[in-house]
Structure formats: C-alpha cells, structure tokens
1. Considering only segment 318-336, state which residues are in contact (Cβ under 8 Å) with a residue 12 or more places away in the chain and either within 23 Å of the chain's Cα centre (by Cα) or on the phi > 0 side of the Ramachandran plot (or both).
2. Could you identify the single residue in Leu244, Leu165 that is in a helix (DSSP H, G or I), open to solvent by less than 50 Å² (accessible area, probe 1.4 Å) and under 30 Å from Ile292 (Cβ atoms)?
3. From the list Arg149, Arg125, Arg143, Arg121, pick out the single residue that is open to solvent by less than 20 Å² (accessible area, probe 1.4 Å) and basic (Lys, Arg).
4. Tell me, please, whether a residue that is within 36 Å of the chain's Cα centre (by Cα) and surrounded by fewer than 16 Cβ atoms within 10 Å (Cβ to Cβ) can be found in segment 85-101.
5. For segment 14-43, give me the residue count where each residue is open to solvent by less than 20 Å² (accessible area, probe 1.4 Å) and more than 14 Å from Ile74 (Cβ to Cβ).
6. Test Arg180 against the criterion of being in a loop (DSSP other than H, G, I, E, B) and surrounded by 14 or more Cβ atoms within 10 Å (Cβ to Cβ), and give yes or no.
7. Does segment 53-82 hold any residues that are in contact with a strand residue (DSSP E or B) (Cβ under 9 Å, 6 or more places away or on another chain), open to solvent by less than 50 Å² (accessible area, probe 1.4 Å) and either farther than 24 Å from Glu99 by Cα or among the charged types (D, E, K, R) (or both), and which are they?
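The values are calculated or read from the model by the stated rules, or taken from the named source; none is laboratory data. As the structure is a computational prediction, the values presented were derived from the model and not from experiment. All Cβ positions, glycine included, derive from the backbone under ideal geometry; neighbour counts span all protein chains shown. The protein model used for the area step is the full one, side chains on, heavy atoms only, and it has no ligands, DNA or RNA in it. Shrake-Rupley method; radii C 1.70, N 1.55, O 1.52, S 1.80 Å.
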Amino acid sequence: MSSIKVKFRPAAEPECLGYVYYQIIHERKIRRIPSSYTLLPHEWSDARGDVITEEGSDRTQLLLSIRQHIDCDIALLMRIDSGLYKSGSRYSADDLISEFRREVCGLHLFRFMTAEAERLRRLGRVRTSEAYRSTVSSFGKFRNGEDIRLDVLDPHVICRYEAWLAGRNVVPNTVSFYMRILRAVYNRAVKKYGFIDRDPFSSVYTGIDRTVKRALPLQTVRKIRHLDLLRRPSLDYARDMFILSFCMRGMSLVDMAFLRKSDLRGGYVTYRRRKTGKVMKIAWTLEMQTIIEKYGENTSRYLLPILTSHDVDARLCYRNAGHRINRALRKIGMLVGAGMPLTLYVARHSWASVARANGIPVSVISEGLGHESESTTRIYLANLDSAVVDRANALVINSVCS
C-alpha cells in the first residue's frame, strides 16, 4: 500500500496564492501530483492537512468546493491504490498516478456523457443517444461550458440546475427528463468507477406530470380524415400521415419512417419499437393500404412514403420530414378547430382516448400502445377519465334539479 497525503506549497511571495499537491510514497519512492487548486497561506492548515474556511468570507464557497474536490481526489487515489494492492501484482507510484489521471479524465461529466451517447448510437439507440446529447448541451449552458467531475456532483449543484431551468420557463416534464437522464448517467458512473454515491438527485423532481390535454375527440379525428385538401398537397400528405399513425395505434413517426417492406407479411406489420425495443404486431388494413397506394410505388426499402430516397442520410431525412409534417398539422388543427397545437403525437393520445371511450380496457390499450406498464397509459387517459366523470356528474345534477 502507498502513503497518500495532501500538501500545500506556498508561493514565494507572502499573501500570494500557493497550490495544493498530493504526495505519494510507495516503496520509498516519492512522487507528487500537482492539482489546479490554489489557496492563500492562511487558508491552509498544515496540522490538519485541510482547507480552512472563514465564515462570511467572499471565498467561502470556493474554499468549500476545493475541499470537496480534494476529498474526492484522495478517495479516488486510495481506491485505486487499494485495487492495485489487492490485484497481487507489483506496481509503482507512477502506475498509481497514471491510473488516477486516466480515471479523473473519464470522470468528467461532459466527456463521460458524450462517450455514452456515442456508445448508444453505435448500439442503434439513436433517439436515446440524441436525448443524452440534448441533456449535456443543456447542462453545459448551465455550467457556461465548464465541465464538472461526476464524483463531486452533489444535491447543491443539481438543485441549482433545476432552478436555472425553471428560470427559463422549462416545463416540469422537460426538467424531469433532463434529471432522469443525468441520474442514469451518474448511476452508471458510480457503478463503473466505484466512487461514493452522493445522491445528488434526492431533492429534485424526477416524476412525470399529467400532461396538457393532447387527445382529440373522435368527431375531430373524423373531420381531419374527411378534409378536402387536394389543392394543398403538403397538408394532404401531413393529414395522411396523421391518419396512418392513428390507424396504426398511435405509432410514432420514427417507427413509421423506418418500417421496411419486409416488415409487412401475412397481413400484419411486425416491428420493434425504437423507444423501448418491444416487438409490436399490427393488422394491415384497407385504410392503410389505400393511403400508401395514393403516393405511388416507393422504390426504397421502406414501406411508408416518408423515406423515399436512396443516397441520403435516412436519419436526417426522417427529422426533416417530421418538421414538415408537424408544421402542416398545426395548420390542419386550425382548420378543424382542434383547440390545441396538432402534432403526430396527438394521434397517439387520440387513439388511446377513443379506444377508452369505446370501453376498451386499460390493459388492452396499454398493450396496443406498447407501454411497459399501465401507469404510463393512465397518464394518456387522465383527461378523458376526468371528462367521463364530469358527464356523469352532470347527469346526477340534472336528475336532482329537473
């Protein structure tokens, strides 16, 4: 085992900043690891080997942060040293220092998350990869581009990030989305590097709020289906994709776009949801066939008329198609008086709500949507259930007051 101590080297000039370093003694050889932490002479105690803080000083928060970083560095050095010792192989102080520097490099949040995002992309989990990149971009703006080590992440930092998001009017579900991704990354880093779990997400919201109503009543879906849009081809196409999504049990655009012709066999479309990996099987209907025949033969390998080119980035093409469809759907929403911004996601909620209104059990709707649990499905149906209760209440009141 090695001797590991924290040391302070004062500057040559009095009252100038000196620097903290770590002294490693192994097999009578002494090595030093310089740190980036600088202190004034009166902010260090040689006797305690620790940072001294003064109440009310304008450097108090900085000094507390330096102390936290030093504690994490020492804990990391001791853990690495213990691991090398237990391995039974002979090692040197230089081996310890080399491994320390390698782990410190990997522990930085931006670097770790970016590597995780790339790993997910290679595994084909592109949407999750994009979610990771979106989260690291948001957290990077909060940090003004300054990275932070995962082993020093604590509730104070995460609570400030939550407040920063709220100050920019980010909705609670989006805040929770970022927090859940950061928590997943943090937990993975704890497992990989073995540092102490500081439980940084204990005081922030990581649940899912009931969303603003996104479901259309059946009569509005019928209005959309029967709109005369022959002279407005972009709206006509968007309407057809909306109806296709509705008929295919609220299938997401990414799953629709990447359906292959080979996925349609024996009167059924069988595919794997990109979000959850769950295998789904949907009966192919005349309505679906009529819509795709309307757009002629698709010479690509894809079933639906969304990705039709051969020599382009399919992912980029899908995203551009999504933007165009949703822009057109907003116009269609105004034409039918939807009372909400119309998007393809509304088709998913609408299918669930129409199914519920027709007495289909929640368990069946959950299976139809490909949800992992009925609790997620109930979020979709919450507004509908409330409306059903309101109608029942009106009947009761009328029976009393009539």
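1. Selection gives Tyr318, Ala321, Gly322, Asn326.
2. Residue meeting the stated conditions: Leu244.
3. Just a single option satisfies the conditions, and that option is Arg149.
4. Yes, because at least one residue in segment 85-101 is within 36 Å of the chain's Cα centre (by Cα) and surrounded by fewer than 16 Cβ atoms within 10 Å (Cβ to Cβ).
5. Summing the residues that are open to solvent by less than 20 Å² (accessible area, probe 1.4 Å) and more than 14 Å from Ile74 (Cβ to Cβ) in segment 14-43 gives 4.
6. Against the criterion (in a loop (DSSP other than H, G, I, E, B) and surrounded by 14 or more Cβ atoms within 10 Å (Cβ to Cβ)), Arg180 does not qualify.
7. Leu63, Asp73, Asp81
Condition check ((1) within 30 Å of Tyr161 (Cα to Cα); (2) open to solvent by less than 40 Å² (accessible area, probe 1.4 Å); (3) assigned to a loop (DSSP other than H, G, I, E, B)) across all residues:
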site	(1), (2), (3)
Asp197	yes, no, yes
Gln219	no, no, no
Met251	no, yes, yes
Thr270	no, no, no
Ile291	no, yes, no
